[in-house]
1. Collect the residues in the stretch 1-56 that are among the small types (Gly, Ala, Ser) and at pLDDT 95 or above, keeping them in residue-number order.
2. Which of the residues that make up the stretch 20-39 are touching a residue at least 12 places away in the same chain (Cβ under 8 Å) and outside any strand (DSSP E or B)?
3. Which residue pairs have Cβ atoms closer than 9 Å, lie 6 or more positions apart in sequence or on different chains, and pair a first residue in the stretch 64-77 that is without any contact (Cβ under 8 Å) to a residue 60 or more places away in the chain and in a helix (DSSP H, G or I) with a second residue that is surrounded by fewer than 11 Cβ atoms within 10 Å (Cβ to Cβ) and β-branched (Val, Ile, Thr)?
4. With the structure loaded, tell me whether Pro59 is modelled with pLDDT of 90 or more and either under 21 Å from Phe18 (Cβ atoms) or part of a loop (DSSP other than H, G, I, E, B) (or both) or whether it fails that test.
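The values are calculated or read from the model by the stated rules, or taken from the named source; none is laboratory data. Since we're looking at a predicted model, the values are computed, not measured. Every residue, glycine among them, receives a Cβ derived from its backbone with ideal geometry; neighbour counts consider all protein chains shown.
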Amino acid sequence: MNLRKVSIILINYNSHQFTQDCVNSIAEKTNDVDYEIIIVDNNSTVVDYEALKPIADHPRVRLIRSRINLGFSGVICWVCNSPIHRWTITIS
């Protein structure tokens with residue numbers, strides 16, 4: 001089987017529990033794809049951002065914090081202009 005690397009972008013704004021549930025679901029159900037999860041915190045409260053840090057210990061997860069709220073399209077443009085993989089999926 002030819003695996004392809006996929007970047008899955010999750011945008012978090014004061015919703016760490018939903019983000020954590022999504023990461024857990026992806027990890028549990030995704031077997032045949034080489035993937036990474038990029039969580040972009042869109043200037044959440046400090047408490048919400050701190051709650052995401054344990055998720056970032058997962059080897060397939062990167063946590064990025066924006067110090068300003070870029071909005072949905074701003075985050076997508078920001079992440080897509082950074083070095084990511086050929087295939088990108090955004091989950092909103």
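1. Initially, the stretch 1-56 is screened for residues among the small types (Gly, Ala, Ser), giving 7, 15, 25, 27, 44, 51, 56.
Selection gives Ser15, Ser25, Ser44, Ala51.
2. Of all residues in the stretch 20-39, those touching a residue at least 12 places away in the same chain (Cβ under 8 Å) come to 20, 22-23, 26-27, 32-39.
Of everything in the stretch 20-39, those that are touching a residue at least 12 places away in the same chain (Cβ under 8 Å) and outside any strand (DSSP E or B) turn out to be Gln20, Cys22, Val23, Ile26, Ala27, Asp32, Val33.
3. Between residues of the stretch 64-77 that are without any contact (Cβ under 8 Å) to a residue 60 or more places away in the chain and in a helix (DSSP H, G or I) and residues that are surrounded by fewer than 11 Cβ atoms within 10 Å (Cβ to Cβ) and β-branched (Val, Ile, Thr), the close pairs are Gly74/Ile68.
4. Values: modelled with pLDDT of 90 or more: yes; either under 21 Å from Phe18 (Cβ atoms) or part of a loop (DSSP other than H, G, I, E, B) (or both): yes.
It is true that Pro59 is modelled with pLDDT of 90 or more and either under 21 Å from Phe18 (Cβ atoms) or part of a loop (DSSP other than H, G, I, E, B) (or both).
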